[in-house]
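Here is the structure we will look at, set down as structure tokens.
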Amino acid sequence: MKGIREVVLSALLIPGVSGGQSMPSKDLDPSLTCNASGWPTVVRAEAPLYPQLATQAHLSGVVDVAITIKDGTVVKAESRSAASPILVNAALSNAKTWQFGAGVNTDISIRYVYVLIPSLQSPIIEMKLPRCVTIKAEPAKEHWEHSTPATTSDR
């Protein structure tokens, strides 16, 4: 069985292929869908992940990343997104791993959509390259440790 990273990386070679099942979400705005036609081809990228700290803090949101590509390599990535810095940093880090075809010199915008879905069995990554990446994950369950404070007694 392939892990999520292998599925996504194989999907990178076939534009428009999802890295997982499509799951409807009532929280996902339909205007966030992306059309990937007419954009430069991504030839290599690392699989984006939902930051663990973001699942623990129950953070979701949309991050738009502007990238500059020179000779197929991302040389600049920036975002002015109002989303949590945890999500912004994850999106920026991922965008910097993308590699395009040799000779590609352009500026494009990538939309990262981070969605938390309760009771989701495993993360889902949908990629409409190079325009949009949707990462769906289950919010982390809260774990509270109950402990009794240590006491000392004077004898």
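The values are calculated or read from the model by the stated rules, or taken from the named source; none is laboratory data. These numbers come from a predicted model, not from an experiment. Here Cβ is always computed from backbone atoms with ideal geometry, including for glycine, and neighbour counts include all displayed protein chains.
The residue list Val75, Val43 contains one member that is farther than 28 Å from Glu142 by Cα, without any contact (Cβ under 8 Å) to a residue 24 or more places away in the chain and in a strand (DSSP E or B), which is Val75.
Within the range 35-44, one or more residues are more than 14 Å from Ala95 (Cα to Cα), surrounded by fewer than 18 Cβ atoms within 10 Å (Cβ to Cβ) and modelled with pLDDT under 50. Could we say that Val113 is modelled with pLDDT of 95 or more, crowded, with 22+ Cβ neighbours inside 10 Å and over 19 Å from Ala57 (Cα atoms) here? No; evaluated as a whole, the condition is false for this residue. Do you know which of the residues in the range 94-134 that are of a type in the set (Phe, Trp, Tyr) and in a strand (DSSP E or B) is nearest to Val65 (Cα to Cα)? My answer is Tyr112.
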